[in-house]
1. Note the direction-averaged projected area, equal to a quarter of the hull surface, for the Cα convex hull of the range 141-221, in nm².
2. Which whole-number percentage describes the relative contact order of the range 1-155, with Cα contacts under 8 Å and a sequence gap of 6 or more?
3. Simple spin-label model, 7 Å along Cα-to-Cβ: residue 256 to residue 167 in nm?
4. What full-extension length gain, to one decimal in nm, is calculated for residue 123 and residue 67 as 0.36 nm per residue of separation minus the Cα-Cα distance?
5. Roughly how compact is the range 1-122, stated as its Cα Rg over 2.2 N^0.38 Å to two decimals?
6. Cross-link candidates for residue 152: which lysines have Cα within less than 21 Å, leaving aside residues fewer than 8 places away along the same chain?
7. How high is the relative contact order of the range 96-176, in percent, counting Cα pairs under 8 Å that sit 6 or more residues apart?
8. Beta carbons within 10 angstrom, averaged per residue: use that to sort the peptides 195-203, 4-12, highest first.
Amino acid sequence: MAGERTIVVTGCSSGIGAHCARALKADGWRVFATVRKTDDLPGLEADGIEALLMDYARIETISELVDTVLKRSDGRIDALFNNGAYGQPGAVEDLSTAALRAQFEANFFGWHELTRQVIPAMRKHGQGRIVQCSSILGVVPYRYRGAYTASKFALEGLSITLRMELHGSGIHVSLIEPGPIATRFTANALAKIKENIDVENSAHAADYIRQLARLDGSGPVNRHKLGPEAVYSVLKHALNSKYPRPHYPVTTPAKQGMFLKRLLPADLFYRLMRWTD
């Protein structure tokens, strides 16, 4: 790709999105970074990043974003990094359908809509990269993460299908599957469990107490947790390699989970995961 390449990065208020947007800018990309709140715009703009408002749950903001980027970039969107998401903890039986639907609006349907809207510009130029920041929970299930796991399993299936359908178009699709990364993700998850789960009256109350301790930081620290730079290292490969991979697991637990799922009989693997913290 000749000249300055253009990329849209979502979920850039903090964590993976904020780090990758700044790193991409430093590496010569023209970065359009999205956030949901006006207060998060100035910090990105101060670093020379073109920051825009977008909320996956509001389709009109997706269309406005794409229109603005195409106008500013003379019709070019060379890459899309779908990243913005949140996790709704809770046992499946404790999840309301409304909470599950909200999880899918933010983590799946909005991603699909944005992806659909950028593909025509990529087809016009005969090239493009679509990178989805999925999760190891899109491959390996985990207790009390049913809503998030379901949204990421759906994303994995849709994205790999899209990858196959775009073969020969010059547009490549890849999935990044991080394990534990140091971001505000757990703090946001803590707020969602308090908002949508009746912890005290649940059959899973004892387990929730342990889970809440992990989320609020009073429980044991995950020694395998990495910083967002670990995600950027594989994002660069997905964006720049002539042959980008379909899957990029990040962190030791993610790589181990994928390996064990392939290696072990299903019943044994799921029994093992049942007791994994």
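1. Mean shadow area of the hull around the Cα atoms is 6.9 nm².
2. 23
3. Each label point lies 7 Å from its Cα, and together they span 3.5 nm.
4. Extra length available between residue 123 and residue 67 comes to 18.5 nm.
5. The range 1-122 yields a ratio of 1.10.
6. Cα-Cα hits under 21 Å: 192, 225, 255, 261.
7. The normalised contact order for the range 96-176 reaches 38 percent.
8. 4-12, 195-203
The values are calculated or read from the model by the stated rules, or taken from the named source; none is laboratory data. A quick note: this is a predicted structure, and the numbers were derived from the prediction, not measured. FYI the Cβ positions are ideal-geometry reconstructions off the backbone, even for glycines, and counts take in every protein chain you see. Quick note on the areas: whole protein, heavy atoms, side chains included, nothing else; ligands and nucleic acids left out. Shrake-Rupley method; radii C 1.70, N 1.55, O 1.52, S 1.80 Å.
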